[in-house]
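Take a look at the structure below.
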Amino acid sequence: MSVSSVAVIGAGAAGLVAAAFAASSGAKTILIERTRDGGRKILISGGGRCNVLPSVLAPERFVTDSPPHLLRGMLRAWPLHEQRAFFENDLKIPLALEEESGKLFPRSNKSKDVRDALVDYARSKGAEIRFDTTVTDLTVGHPPSGGLFTLETSKGELTCDRVILATGGLSVPATGSDGTGLNIAGRFGHRMIDTYPALTPLVDKDESHASLSGVSLDARLRAKSGSKITETFGGFLFTHRGYSGPSVLDISHLTARGDAPTIRATWSVRTPAEWTKDFEARSASVLTILSRYIPARLAEHLMIEIGIPADRRTSSFKRSERLALIDALTGYPLPWSGNEGYKKAEVTGGGVALDQVDPKTLESKRVAGLYLCGEMLDAFGPIGGHNFSWAWATGRAAGLAAGLSSVALAKEERA
Ligand SMILES: Cc1cc2nc3c(=O)[nH]c(=O)nc-3n(C[C@H](O)[C@H](O)[C@H](O)COP(=O)(O)OP(=O)(O)OC[C@H]3O[C@@H](n4cnc5c(N)ncnc54)[C@H](O)[C@@H]3O)c2cc1C
């Protein structure tokens, strides 16, 4: 049995930062991680490039069932420019802006650099990291060996005064997250919001667009369920099984929550009036006009669906054809039957309700000395670095608060 002051469970994005800040405040800190090297989601993030942060934070685009002001407060507790300075100055990971997406990536374009720098930084601040160790249970009490909490792990018991739960959600289980932390939090009586996969590709069981697989473009999507309307804009990718890309991922959680929204796509930024003007050209190929603004394969597909011959020219364009084509271009009903679920979800929606923790310290309101951070809390943001920003901000707040409180406790005990 070993004793520590702060035990952080989970060396993902939030846990690595939490451990570094807990150790920086002078607390004896142990970070326990089930995989052999930690930060597995960081490694696969951003297609292996790691979109560390957005260049502009959009708190209003985050999704939560908890009071949104709590989410905004937690995010802003570590302002974006300070997060960026942390990576560039403390971790020595210079970031570069990808102009078209507004995303910040490490200049090296290697996610491993980010993960390794976080591990090294936590160690340099004094945190001890135990890889290949799974926490199987957590109990509160005063064991004879001291400490407030007992952690059961695959490698024996450990006691400590403060625990930070940073075990992530349920998405991409191969990266180490299996919901243990969520179960522990639920067992301690925290109000939980049912979890759901988010930022996950959509599936169309009829594979009605499989022939377009690989075609990508910018699209505007409008999901409507009842009176609720959600709009997204950005990259759209046809896949063999359905659709992906930022505009799809950002809307996908709606399909996972039983709302069954209707989704309509606008295949370019052109308005119906602009298309009408184009089609008034005296004698031009309709397909050529379309192909100026959308991929030719999509243009052909839409014309076939509507029943417009591929060689149709504007001079013989029937009014009914023109109207149907403009409808398809600006309000195309996207058939979908489901989503790829947690297997491919970039994040998990739902989790521990935000009003269950102190908004500044992230200490549980149910269990004194227990802190929660990262994806296990009921919040996620859009594609673009927002989810790491959430993990860094909440990880730092929990780490600082747990560390300082543990140091204060040790002083009290000595006095
Ligand atoms: C494919 C993919 C790409 C992504 N790309 C981006 C991106 O570019 N930008 C962005 O902002 N976000 C991205 N995300 C989202 C981002 O990775 C997550 O929001 C973030 O990693 C959440 O951090 P976390 O620390 O809360 O959880 P995680 O990163 O999931 O970390 C949890 C850690 O806890 C460990 N653990 C779990 N249970 C136990 C246990 N019982 N005992 C010990 N250890 C345990 C796990 O092994 C894991 O290391 C991506 C996600 C995926 C899946």
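Every number here is computed from the coordinates shown, using simple stated rules; none is lab data. Predicted model, so just to flag it, every value in this text is computed and none were measured. Positions of Cβ are generated from backbone atoms using ideal geometry, with glycine treated the same way; all protein chains shown enter the neighbour counts.
Applying the criteria of a DSSP loop state and at most 12 other Cβ atoms within 10 Å to the trypsin sites (Lys or Arg not before Pro) of the range 58-140 yields Lys92, Arg107. Each of Ser337 and Lys411 was given a label point 7 Å from its Cα along the Cα-to-Cβ line. The distance between the two points is 6.3 nm. Under 5 Å between amide hydrogens, built in the peptide plane, is the criterion, and for Leu95 it picks out Arg107 among residues at least 5 positions away or on other chains. Label 7 Å along Cα→Cβ of Asp355; the range 59-78 residues with amide nitrogen under 13 Å? It comes to 65-71, nothing else. Length gained on full extension, Thr271 to Glu157, computed as 0.36 nm times the residue gap minus the Cα-Cα distance: 34.7 nm.
The helix-based estimate of mean residue ellipticity at 222 nm for the chain, built from -39,500 (n - 2.57) per DSSP H run of four or more residues and divided by its residue count, is -9500 deg cm²/dmol to the nearest 500.
DSSP assigns beta bridges within the chain; of those with both partners inside it, close to 75 percent run antiparallel. Qualifying trypsin sites (Lys or Arg not before Pro) in the range 150-210, where qualification requires a DSSP coil assignment and no more than 15 other C-beta atoms within 10 Å, comprise Lys155, Arg191, Lys205.
Proximity of backbone amide H atoms, modeled 1.01 Å from N, is registered between Tyr371 and Val163, Ile164, Leu165, Ser364 at under 5 Å, excluding neighbours fewer than 5 places apart on the same chain.
Could you calculate the FRET efficiency of Ser315 with Ser108 from 1/(1 + (r/R0)^6), where r is the beta carbon distance between them and R0 is 45 Å, rounded to 0.05? With a Förster radius of 45 Å, E is 0.20. Taking GluC sites (Glu not before Pro) that fall in a DSSP loop and have at most 13 other Cβ atoms within 10 Å as cut points, what is the longest piece of the chain between them? Value returned for the longest uninterrupted segment is 101-279.
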